[in-house]
Structures are given as structure tokens and as C-alpha cells.
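Okay, structure first, notes after.
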Amino acid sequence: MQPLDIAREALRRLAMRQLQPTPENYRSLYHEIAGTKAEELFPERALKLVCSTLPRLNQAQIEFVQRLESAVGSRSWSAISGSLVGLLRAQAAPQRKWTALLKDVFKQLERNHASLSFAQKHQALQQVLDSSNGELDALYSRMSALADKWESADEAGPTPAPAGVEAVTAATDNSDAALRDLFARTLEGVVSSLLIAAPDLRDEALELGTVLREVRDMRGVDDLAARLRNLIYRLNWVVDDQAEIRAGLMSLLDLLLKNISDLVIDDRWMRGQIDALRNLCDHPISARELDEVERRLREVIERQGSLRGNIDDAKHQIKLMLAGFVEQLGSFTDATSGFGNKMEGYARTIAEADDIGALQGVIAEVISATHEMRQTTERSRNEVDTMRDRVRAAEAEIERLQLELEQTSERMRHDPLTGALNRKGLEESYAKEVSRASRRGTKLCLAVLDIDNFKRLNDTYGHNTGDEALLHLVATVRDCLRPHDTLSRYGGEEFVILLPETSIDDAVIVLQRLQRELTKRFFLANNDKLLITFSAGVTVVLQDEQQSSAIERADVAMYQAKATGKNRVVVASADTVSA
Ligand SMILES: Nc1nc2c(ncn2[C@@H]2O[C@H](COP(=O)(O)OP(=O)(O)OP(=O)(O)O)[C@@H](O)[C@H]2O)c(=O)[nH]1
């Protein structure tokens, strides 16, 4: 039959058998009619898809997938089968005894060979690792060969190693010893000092430090590692315990502060202080914030003691005055009742008198008694007036002292106008930051800022506007600085900023960012939008340097900034600072 006839017949049978007209059905009918055998199609796309999803995690896998892809590409079932068989054979290969091999290698590394130094063995092992290129079979066989070679090498005899090799060994030994020493010191000096509350762990840390310095062989290292693991495990418990204790203490403190605050319901200043303390304790507290809590508490105690004494004195005065007043009132009452008795006597004498002459003496006595009574009344009124004035003065004094008590904490460390630290506050912060920087080996920068043309602003808009401009600057600085940077008012329009953990380059960036921020935030004075600018000098504080000397250096730089156009930041020149 001709192909055309076969095709026609195939279509007819498709219709007769009511088969779907798919290529497969057509193909099988075609071969049925022609009496030939259908050739199987090669599923290349599907196989390529399978290949693309296979993992390539190591060299062996990469090579397998490559072999399979090339077999699929050449449409060779036998090649595909070959690569699959290879894979299964590799998997069926005996399991390598890695643990035993590694133990063997370590043992040989530690052995004292006559003809092999540690450095040589280290180098040979490194070569094996590098050359195996992640191929596990190759690595296994090369490492096994190396271990065998070392195994058969002679035991220690003090054969001198070549000079170069010895240097390498010495260097390796030196760095090993240095590392051990460092680790031992960490255990003895740092870990143990953190474990005051857990004496048995502290002793263990100290002992492990000693063992670490002395351990020489693999068995010793194993023991040490086991003890270290145990220490770490127990340390975790200590850390958890300490966190729990800390949380408990904080909640106790909170309870205490809450109770105090309930007790001092009438004392606004104390309530303010207690609220500030509670706010500080409200979140995980840093060393800096702890300083702040301590400082506030100290101020509360100091100032409260002295001011409370003054208020008590004033109250005592009022009590004394009241007692005097009561006494006066008593004697006045005595005087008036005496006067009344006298008057009654005179009235009787007048009623019984027979002639006018007899009355003359009585009238003189009445006049004298009345005069005396008037004087007594006047004296009493004067005394009462004086007393009232003194009571009012004492009350005013109490009021003033209460107010002083309210403001006292701020006034002790803070500038009352701007709320920035004052000189005393700066001194305290400076001392803390200098020692913190020296302890931690970090950089501390100090900047002196002076507002530009401030006199003109005062002269044009008045002193009050000048004050507001100062507040504007302080608010902007606060927004731009990190919480642990400190701002203090050093003089009229001069401020000092301390920037802990900051390099000089970063300090300049911070100050310039501040200047940019000030240009964005206008200051409004009588509806005029004013631009507040400042000139600044900045320097790195030298280790343990006095505050006055760092400020002086920054001040000189600040004047350079003024002299060279203002609204600038100048770094204290290199010849004045060697940090
Ligand atoms: N409003 C106000 N002004 C103050 C305060 N303290 C200082 N001043 C004023 O700040 C001005 C500083 O003036 P100058 O030292 O001449 O400095 P300046 O005008 O800023 O000039 P340059 O520093 O050269 O830019 C003075 O007029 C002071 O009276 C304050 O607390 N409030």
C-alpha cells in the first residue's frame, strides 16, 4: 500500500472505531495498516526537566547530573542507564569509616615523629584537603594514605628539623600558646569575675584556666572540652537566674516607688521625682541610665534633707507665734475683765455719792482707767497686727521653700532656662564619659557651640525672643543627638556637646547634620522666620584629659569657625591634639 492509501485508511478506521483523533491513535493505526512496528519516541524534554531539578550539592552529584544530561542530550538510553548504574554502584560502595580515620589522623598528628615535624604534617594535611576539592571519595583515600604513611614513620628521635620548618613550628607553637593564654585569661579574669554569686562555677572557671595552660595531649583536650561544655551548660542556668533576680528586684523597686508615691500624695516635687525614677526603671536599664537614677536619688536625699529642715523651722516659728498670740489674748481678756470690775465699782461709788465734790475723784479715776484700757487695747491690736504680718511672712517663706523643693533637682544639674545640663551637670557627665572611654578604649569627642550673631537677635527682637531662640536650638539639638550624647549650657549662648563612642570624622558629620537641621527648622520671632546658626569647634578628648583643657582646645577651634565666616565646624588642629 502506498503511504497515501495507508493514511486514508487510517483516518477511516479512526472514524469507524470512534477513536479520538490524537497523534498517538493515528500513529498506531498507521503502523497496524502498514504492518510495521511503531518506533518509540524519546522523551527528551521530560528528561531534561528531571535533570534540571536534580541536586548538585557536591562534586559527585555535579558529575552525575552532567553525565545524565549528556546522555539525554545524545538521546542514548544506554548512556542514561550507564549513569544511573554508576550512581547506584557508588551508593552501594562500602561506608567510609570517617570517625576512625579522623581519630587516626589526629593521633598521628600528635605523635612525635623522628623525621616529621608538626608543621610538615600540618602542611601535608592541608595539601590533601585542598587537592581533594570537596570530592569525598578522593579525600577519604588520600587521608587514609597519609595516615598510613605517618603510621609507618619512625617514632621520635630528636632529628633536627630544617631551619625554615623549625621557624614555622615555633611560630605555630607561639600563636597556639598566645591563644591558650588569652582564653585562659578570659576564663580566669572575665568569666570568673562575673560569677561572684556562683562560687563553685567561679572556682571551676579558674581551674579550667590553669588546665588550659597545661594541657598537652589529645586526651587532655577531650577532658577539657567536656568540662568546658559542662561549664557553659551551667552558665546558661546562672544567666537565667540572674535575669530572673534582676527582674524581681526591678519589680520590688517599682512596688516601693509606687508605695512611696502613695504616701507623698501632697508633695508634688517628690511625686515628680518618683515618677521620673519609675520611668527610668520601666525598661531595660543601661549603665548610663543607672548613673542617672543614682544621681537623681542622691539629689532627692540631699536637697530634701536641707529644705525639709528649713520648712520645719518655718512651721515651728508659726507655732511659737500662735502660742504668743494666745497668751496675749489671755492677758488682754484679763485686762478687759479688770477694767469691767473697776467700772462696776465706779458706778456704785457714783450712785452712792451725795455731792459733786465726791464725784470729782471718781471721774478722774474713770478717765485714767479708760485711758489705760485704751492703751492696752491699742497695744494688743498692734501686737496682733505684727503677729499676723509675721505669720503671713512665714507662710510665704514656706511657699517659697516648697517651690524651691519642686525645682531643686532641675536646678542642681540643669540650666533652668533651657533644661540642658548646667556646668555642674557637665562636670559630672564629663568625668563619667572620660573614664568610660578610657575603660572601653573608645573615642570621646567634645564640641563647643556658640550661636552666631546672638547679640543682634537680642537687640532686634528683645531678650525674651533671645531666650526662645536658645530653647529652639536646644530642642533641635536634642532631636538630632543620640540618647547618650549630652548637651550642656556652658555660658550665655555657648553650649558643650559630649559625643561618646564617636570618631572625630563622625563628630563633624553629627554637627553638620545639626546645622542642616537648623536651616530646615525656622525660628519664628514676631512672624519673622529667622535662621539660627552656630559656629562649632570639635576635638577628640585625650585619655584621662581634664575637662578644661579639652574645652579650651574646642573653644579655640570654635573661634576659628567664627573668624572664618561663622555657621561652620572646625576641628581642633592636629598640632594641638595628638589623639
Ligand atoms: N536672650 C538671652 N541673651 C543672652 C543670654 N545669655 C547671654 N545673652 C546675650 O548673648 C549675646 C552674646 O553676644 P556676643 O558675645 O557679642 O556674641 P554674638 O552677638 O553672638 O556674636 P558672635 O558670637 O561673634 O556671632 C549678648 O548680647 C548677651 O547679652 C540669655 O540667657 N538670654
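The values are calculated or read from the model by the stated rules, or taken from the named source; none is laboratory data. Nothing here was measured: the structure is a model prediction, and the numbers come from that model. Glycine gets a Cβ as well: all are built from the backbone with ideal geometry, and neighbour counts include every protein chain shown. Quick note on the areas: whole protein, heavy atoms, side chains included, nothing else; ligands and nucleic acids left out. Shrake-Rupley method; radii C 1.70, N 1.55, O 1.52, S 1.80 Å.
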Query raised in the report: So I551 fits all but one of (1) in contact with an Asp or Glu (Cβ under 8 Å, 6 or more places away or on another chain); (2) at pLDDT 95 or above; what number is the exception?
Result: (1)
Query raised in the report: Before we move on, is L499 of a type outside the set (K, R), modelled with pLDDT of 95 or more and under 27 Å from the mean Cα position of the chain (by Cα)?
Result: yes
Requested in this report: Would you check which residues across region 434-461 are near the ligand (Cβ under 8 Å from one of its atoms) and either of a type outside the set (D, E, K, R) or exposed (fewer than 14 other Cβ atoms within 10 Å of the Cβ) (or both) and list them?
Outcome: I451, N453, F454, K455, R456, L457, N458, D459
Report summary line: Of (1) surrounded by 21 or more Cβ atoms within 10 Å (Cβ to Cβ); (2) at pLDDT below 95; (3) within 29 Å of the chain's Cα centre (by Cα), A572 fails just (3)
Report summary line: Within region 139-175, the residues that are assigned to a helix (DSSP H, G or I), at pLDDT below 80 and surrounded by 11 or more Cβ atoms within 10 Å (Cβ to Cβ) are V165, E166, A167, V168, T169, A170, A171, T172, D173
Requested in this report: Test each condition in (1) over 19 Å from K455 (Cα atoms); (2) surrounded by 15 or more Cβ atoms within 10 Å (Cβ to Cβ) for S548 and report the one that comes out false.
Outcome: (2)
Query raised in the report: Can you pull out the residues in region 108-125 that are over 10 Å from W150 (Cβ atoms), under 48 Å from the mean Cα position of the chain (by Cα) and open to solvent by less than 80 Å² (accessible area, probe 1.4 Å)?
Result: A119
Query raised in the report: Inside region 434-453, can you point out the residues that are assigned to a helix (DSSP H, G or I) and among the basic types (K, R)?
Result: R436, R439, R440
Requested in this report: Can you confirm whether region 454-461 contains a residue that is among the acidic types (D, E) and part of a loop (DSSP other than H, G, I, E, B)?
Outcome: no
**Report entry** Filtered residue count, region 467-487, keeping only those that are farther than 14 Å from A536 by Cβ and within 16 Å of the ligand (Cβ to nearest atom)
**Finding:** 8
Requested in this report: Name the residue, out of K520, K562, that is surrounded by fewer than 20 Cβ atoms within 10 Å (Cβ to Cβ) and at pLDDT below 95.
Outcome: K520
Query raised in the report: Which is surrounded by 13 or more Cβ atoms within 10 Å (Cβ to Cβ) and free of Cβ contacts under 8 Å to residues at least 12 places away in the same chain, of A369, A364, A394, A353?
Result: A353
Query raised in the report: Residue check, A431 against (1) open to solvent by 20 Å² or more (accessible area, probe 1.4 Å); (2) assigned to a helix (DSSP H, G or I); (3) within 11 Å of the ligand (Cβ to nearest atom); (4) under 21 Å from A420 (Cβ atoms), all met but one. Which one?
Result: (3)
Requested in this report: Determine, yes or no, whether A554 is aliphatic (A, V, I, L, M), within 16 Å of the ligand (Cβ to nearest atom) and within 15 Å of L444 (Cβ to Cβ).
Outcome: yes
Report task. Would you mind finding the one in R56, R27, R13 that is charged (D, E, K, R), open to solvent by 70 Å² or more (accessible area, probe 1.4 Å) and in a helix (DSSP H, G or I)? Result -> R27
**Report entry** Odd one out for E404, checked against (1) in contact with a Lys or Arg (Cβ under 9 Å, 6 or more places away or on another chain); (2) within 25 Å of E494 (Cα to Cα)
**Finding:** (2)
Query raised in the report: What number of residues in region 342-384 are among the small types (G, A, S) and not in a helix (DSSP H, G or I)?
Result: 1
**Report entry** Those residues of region 487-517 which are in contact with a Ser or Thr (Cβ under 6 Å, 6 or more places away or on another chain), over 23 Å from T465 (Cα atoms) and either without any contact (Cβ under 8 Å) to a residue 12 or more places away in the chain or open to solvent by 30 Å² or more (accessible area, probe 1.4 Å) (or both), in sequence order
**Finding:** E501
